[in-house]
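Worksheet for the structure shown next.
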Amino acid sequence: MTESHSRVAIVTGAGRGIGAAVARKLASDGFAVALLDLNEESVKQGAEDIVAAGGKAIGVALDVSNTEQVEAAVARVAEELGAPTVLVNNAGITRDNLIFKMTDEDWDSVMNVHLKGSFLMTRAVQKHMTEQRWGRIVNLSSTSALGNRGQVNYSAAKAGMQGFTKTLAIELGKFGVTANAIAPGFIETDMTAATAERLGVPFEDFKAFAAKEIPVQRVGKPDDIANTVSFLVSEGAGFVSGQVIYVAGGPKD
């Protein structure tokens, strides 16, 4: 390692799907990785798999919207792996419904996980980044930020992630910290499978229909997002900050 900063990454929502793929990719890139998720069993298994493959990782269970749990988790990561200099805010949930059917709980739960969770995680981790004068923050937005029927809560949260990202880039840039957002399009995950089930459509048909509307004629895979994260947290991406990158198989406004 030639860099003066530590190579420790935290990935939230790392129990499955995109988060799990990101954790594996960063481990293969040489980072010690902390996998964080509400599901303790899944992140511990993910960490064990990384270690078995020759990497260094730990799994930590937490609710990202709980201040005390976030601060305790970040402190544990710093103690066991070293000061974190990479943070991927990926934790997310959906509570889809049309506006007239959406409950207060549907709204609050989505805002708490996406926005409050990302705020708490970033606030806790940025001090380690600024002390080392190097850091990389990647926030997961979505093409739903542009508007999506039945997702007024999720769309608002994902649009909020973009403003959050741009402001972090402005505030933290002088400390050598970059902040960028990735806005995935249709990615084949448990979450999109659940959406297909909710709509009463077989998942294979759901994916096939989506692929027809995507210029590259396929749906995305978690590794498509992981590869983009890998670039954004690299040394070579140090002049890329405050950007929203749509990884969606085609252009998005």
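Only alpha carbons enter this Debye calculation for the chain, each as an equal point scatterer, and the log10 of I(q)/I(0) it gives at q = 0.09, 0.13, 0.15 Å⁻¹ is -0.36, -0.78, -1.04.
Above 24 Å lies some portion of the pair distances; for region 101-211, what is it as a whole percent of all C-alpha pairs?
Everything past 24 Å amounts to 36 percent.
For region 134-253, the relative contact order comes to 34 percent (Cα pairs under 8 Å, sequence separation of at least 6). Close amide H partners of Val177, meaning residues 5 or more places away or on another chain with modelled amide H under 5 Å apart, are Gly135. Excluding Thr130 itself, what net charge comes from residues whose Cβ is under 15 Å from its Cβ, given Lys and Arg +1 and Asp and Glu -1? Net charge in that neighbourhood comes out at +3.
Run a plain Debye calculation on region 1-62 (Cα atoms as equal point scatterers, no solvent) and give log10 I(q)/I(0) at q = 0.18, 0.20 Å⁻¹, rounded to two decimals, same order as the q list. The Cα Debye sum returns log10 ratios of -0.51, -0.62.
In this model, which of Lys25/Lys127; Lys116/Lys174; Lys127/Lys174; Lys116/Lys158 are farther than 18 Å apart at the alpha-carbon? From the list (Lys25/Lys127; Lys116/Lys174; Lys127/Lys174; Lys116/Lys158), the Cα-Cα distance tops 18 Å for Lys25/Lys127; Lys116/Lys174. Cα-based values for region 94-141, radius of gyration first and Dmax second, are 15.2, 48 Å. Per-atom-type breakdown for region 111-231 gives carbon and sulfur 55% of the accessible area (1.4 Å probe, protein chains only). Calculate the length of the line joining the C-alpha centroid of region 144-185 to that of region 195-253, in whole Å. So the separation of the two Cα centres works out to 15 Å. Other residues within the sphere of radius under 11 Å centred on the Cβ of Pro222, judged by their own Cβ, net out at 0 (K and R +1, D and E -1).
How large is the dipole of region 86-162 about the Cα centre if only Lys and Arg carry +1 and Asp and Glu carry -1, each at its Cβ, rounded to the nearest 20 debye? Write down the numbers at each step before the final one.
Working: 9 positive and 6 negative charges, 68 e Å.
I would put it at about 320 debye.
For region 63-111 versus region 15-37, the inter-centroid distance based on Cα atoms is 16 Å. With the convex hull drawn over the C-alpha atoms of region 194-253, the volume per residue is 116 Å³.
Taking the Kirkwood radius as the inverse of the mean 1/r across Cα pairs, report the Rg/Rh of region 172-212.
Details: Rg = 16.6 Å, Rh = 12.5 Å.
Radius of gyration relative to Kirkwood radius: 1.34.
With helices as the sole contributors, the chain gives -14500 deg cm²/dmol at 222 nm; each DSSP H run of n ≥ 4 counts as -39500 (n - 2.57), and the sum is divided by every residue.
Count the net charge of all other residues whose Cβ sits under 13 Å from the Cβ of Leu172, scoring Lys and Arg as +1 and Asp and Glu as -1.
On the way: positive: Arg123, Lys127, Arg133, Arg136, Lys166, Lys174; negative: Glu131, Glu171.
Neighbourhood net charge equals +4.
GNM remark for the chain: springs join alpha carbons under 10 Å apart, and the peak mean-square fluctuation among Met111, Met161, Met102 falls on Met102.
Tell me, what is the FRET efficiency for Lys174 and Glu204 to the nearest 0.05, using R0 = 51 angstrom and their Cβ-Cβ distance as r?
Details: r = 49 Å, r/R0 = 0.97.
The pair Lys174/Glu204 has a calculated efficiency of 0.55.
Rolling a 1.4 Å probe across all protein chains gives Asp106 an accessible area of roughly 30 Å². Per residue, region 172-253 exposes an accessible area of 53 Å² to a 1.4 Å probe, with every protein chain left in place.
In whole angstrom, how long is each semi-axis of the equivalent ellipsoid of region 47-136, when you take the square root of 5 times every eigenvalue of its Cα gyration tensor and sort them from largest down? Walk me through the numbers before you get to the answer.
Numbers: eigenvalues 172, 54, 24 Å².
One finds semi-axes of 29, 16, 11 Å for region 47-136.
The values are calculated or read from the model by the stated rules, or taken from the named source; none is laboratory data. What you see is a predicted model; the values in this text were computed from it and never measured. Positions of Cβ are backbone-derived with ideal geometry, glycine not excepted, and every protein chain shown enters the neighbour counts. Side chains included, ligands, DNA and RNA excluded: accessible areas come from the protein's heavy atoms. Shrake-Rupley method; radii C 1.70, N 1.55, O 1.52, S 1.80 Å.
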